[in-house]
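Worksheet for the structure shown next.
The values are calculated or read from the model by the stated rules, or taken from the named source; none is laboratory data. Owing to the predicted nature of the structure, the values given are computational and were not obtained by experimental measurement. Don't worry about glycine lacking a Cβ; one is built from the backbone with ideal geometry, like all the others, and counts go over all protein chains shown. These accessible areas exclude ligands, DNA and RNA; they are computed on the full protein's heavy atoms, side chains included. Shrake-Rupley method; radii C 1.70, N 1.55, O 1.52, S 1.80 Å.
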Amino acid sequence: MISEAFATLINNLCLRFRRSKPNMASNKKKYHPKLNCLIVTANVGTLFEDPEGIQDAWIGEVTKVVKKHEPNFIALHCQEIGGKDYKSSLDPVNAFFKKFIDHDELADFSVVRGYLDGDYDHIDQYTALGNFYFIHKSLENVTMFDYSDKQYVKVSGKEIVSKDLSSLPNIQKEKFEQNFFPDCKWSRKGYSRARWRINNKVIEFVNIHLFHDDSNLVSMKSTPSPYTSYRKRALKFVMQRLKELYPTDEGVCFICGDFNFRLDVKSLVQKLCPSSKQQVVRAPTDDEIIRILIRDNVVNGSADDVKGSNEVSKDEVVLKIEKKVFEIEHSLLHHNSNYEHLRSFDLEPKDWKDQLKEFDINFPPTYPFSEDTSKSDVYMETRCPSWCDRVLLSNSSWDWLQSEEIAPSVTYSTIGQKACMGDHKPVYLFFSSSLADDDSVATSSGVNGSETSSK
């Protein structure tokens, strides 16, 4: 038999071992879920006007970006769904987006929410905006904000809604009033918003479509262009709405869409053609300006202001501007496909530098590209090329993405640089971030400043 002294020794050794053994559970590094977020904005109007060939190319190029970055959350914001023939039927729109959602690269996104504004019978509400959100099956703890009940709700399955969006609690949309753009008889410009909570990180996504430059001739009148004030007024309205209606305490927000920001054309022409002669051409029957010609080597004695029938040789024209014509000598516009020198005329975003941020632009202007499938990198001679399509960030979003962990993962670029994507190239922002349990806003305020728990 084992002696009592020996047994006591063994027991003491076992007790000492148990006391010295490390607690593996407490020392184990806590797992933080990863958010790989892809935000895409795309004006898709021309995809429905001449869809043959373009739609498949568009889907192929967008899904290539999905494959490249492997996101687990996608926010896709579209403008001008249905194109000019939007009233004919929503069937082509629904068929296109169903084809996109069913693509193999999106098969593992088990939750999809799509909101297509097809309420064209309600002219005072119609915006032609489309918001899509894709949640990968590996991403857990994702809920969507209910603006009516001011609480977050679980979502599952795939659901696309294309009618009566104003009655839905998970999305807010608003069309800009007509007095925002007094020179236009009718428009479908506006904004929509949706809010998600991903492992307690609250993120709001705003889809926006601002007013365009209706006439190049008007854009040339002054610096800044008269149209700039219309866009500024509308964007100010949206920013005010975000502050007043259902604000978030942390304010993480991405505003992406077709801002229609245009270059300062008057200053641009003066810079590109400093020694050229400007000739104004008026209609033969009245004094309305119908054309502005910028000429080199002008014939001696040629007039600065002439009637249409008295124009001099077209061979000397380096730039022709009409209401919807912007024909320029290509060597003036870019240097070996480098458009960096045009960035100094991209002035509209600077009005918002204290409220909105943007990552560096290292891609060509996003509009107006040719819709000819054989000319994917050629601009149409209708407007001055501009960076219309953008992803802008609230200050809180900017600070979050500037962290040492996230910043290296950020990519800001266009989609389909070598493919025909319609007259707009989609723009995307990608980033990757760990989401700790406490990496969140404490509240998501409603009108009364309170938040209820998720369902």
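Quick check: is even one residue across the range 194-211 of a type in the set (Gly, Ala, Ser), open to solvent by less than 10 Å² (accessible area, probe 1.4 Å) and modelled with pLDDT of 95 or more? Break it down into steps so the answer makes sense when it comes.
Taking the range 194-211 first, the residues of a type in the set (Gly, Ala, Ser) are 194.
After this cut, where a residue has to be open to solvent by less than 10 Å² (accessible area, probe 1.4 Å) as well, the list is 194.
Next, only the ones that are modelled with pLDDT of 95 or more stay: 194.
Within the range 194-211 (the criterion being of a type in the set (Gly, Ala, Ser), open to solvent by less than 10 Å² (accessible area, probe 1.4 Å) and modelled with pLDDT of 95 or more), the answer is yes, since at least one residue qualifies.
Give the residues of the range 67-106 that are in a helix (DSSP H, G or I), among the β-branched types (Val, Ile, Thr) and open to solvent by less than 10 Å² (accessible area, probe 1.4 Å), sorted by residue number.
Within the range 67-106, the first condition is being in a helix (DSSP H, G or I), and the residues that meet it are 67-69, 83-85, 91-101, 104-106.
Now restrict to residues that are among the β-branched types (Val, Ile, Thr): 93, 101.
Hit for the range 67-106 is Val93, nothing else.
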Number of the exception - Phe109 against (1) touching a Gly at 6+ places or on another chain (Cβ under 9 Å); (2) assigned to a loop (DSSP other than H, G, I, E, B); (3) open to solvent by less than 10 Å² (accessible area, probe 1.4 Å); (4) not aliphatic (A, V, I, L, M): (1)
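For residues that are of a type outside the set (Asp, Glu) and closer than 23 Å to Ile321 by Cα, tally how many sit in the range 211-244.
At the first step, the residues of the range 211-244 found to be of a type outside the set (Asp, Glu) are 211-212, 215-243.
Retained after the next criterion (residues that are closer than 23 Å to Ile321 by Cα): 211-212, 215-231.
Summing the residues that are of a type outside the set (Asp, Glu) and closer than 23 Å to Ile321 by Cα in the range 211-244 gives 19.
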Where a residue in the range 41-57 is under 17 Å from Ile101 (Cβ atoms) and its partner, wherever it lies, is open to solvent by 10 Å² or more (accessible area, probe 1.4 Å) and part of a helix (DSSP H, G or I), with Cβ under 7 Å and at least six apart: Leu47/Gln55; Phe48/Asp85; Phe48/Pro92
Long-range neighbours under 8 Å by Cβ, at least six apart or interchain, first residue on the phi > 0 side of the Ramachandran plot within the range 137-157, second open to solvent by 80 Å² or more (accessible area, probe 1.4 Å): Lys150/Val447; Lys150/Asn448
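Quick check: is even one residue across the range 152-167 within 26 Å of Lys99 (Cβ to Cβ), of a type in the set (S, T, N, Q) and open to solvent by 40 Å² or more (accessible area, probe 1.4 Å)?
Here is the first cut: in the range 152-167, the ones within 26 Å of Lys99 (Cβ to Cβ) are 155-165.
Narrowing the set further to residues that are of a type in the set (S, T, N, Q) leaves 156, 162.
Next, only the ones that are open to solvent by 40 Å² or more (accessible area, probe 1.4 Å) stay: 156.
Within the range 152-167 (the criterion being within 26 Å of Lys99 (Cβ to Cβ), of a type in the set (S, T, N, Q) and open to solvent by 40 Å² or more (accessible area, probe 1.4 Å)), the answer is yes, since at least one residue qualifies.
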Condition check for Val111: out of contact with any helix residue (DSSP H, G or I) (no Cβ under 9 Å at 6 or more places or on another chain) and within 15 Å of Leu76 (Cβ to Cβ): yes
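Residue check: is Glu340 acidic (Asp, Glu), out of contact with any Pro (no Cβ under 7 Å at 6 or more places or on another chain) and surrounded by 14 or more Cβ atoms within 10 Å (Cβ to Cβ)? Steps first, answer last, please.
Values: acidic (Asp, Glu): yes; out of contact with any Pro (no Cβ under 7 Å at 6 or more places or on another chain): yes; surrounded by 14 or more Cβ atoms within 10 Å (Cβ to Cβ): no.
Considered against the rule, which asks whether it is acidic (Asp, Glu), out of contact with any Pro (no Cβ under 7 Å at 6 or more places or on another chain) and surrounded by 14 or more Cβ atoms within 10 Å (Cβ to Cβ), Glu340 comes out as no.
Out of Glu80, Glu49, report the one residue that is more than 30 Å from Ser433 (Cβ to Cβ), among the acidic types (Asp, Glu) and under 17 Å from the mean Cα position of the chain (by Cα). Spell out how you get there, then give the answer.
Details: Glu49 fails: under 17 Å from the mean Cα position of the chain (by Cα).
After applying the criteria, what remains is Glu80.
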Number of positions in the range 251-291 that are open to solvent by 10 Å² or more (accessible area, probe 1.4 Å) and under 15 Å from Glu316 (Cβ atoms): 6
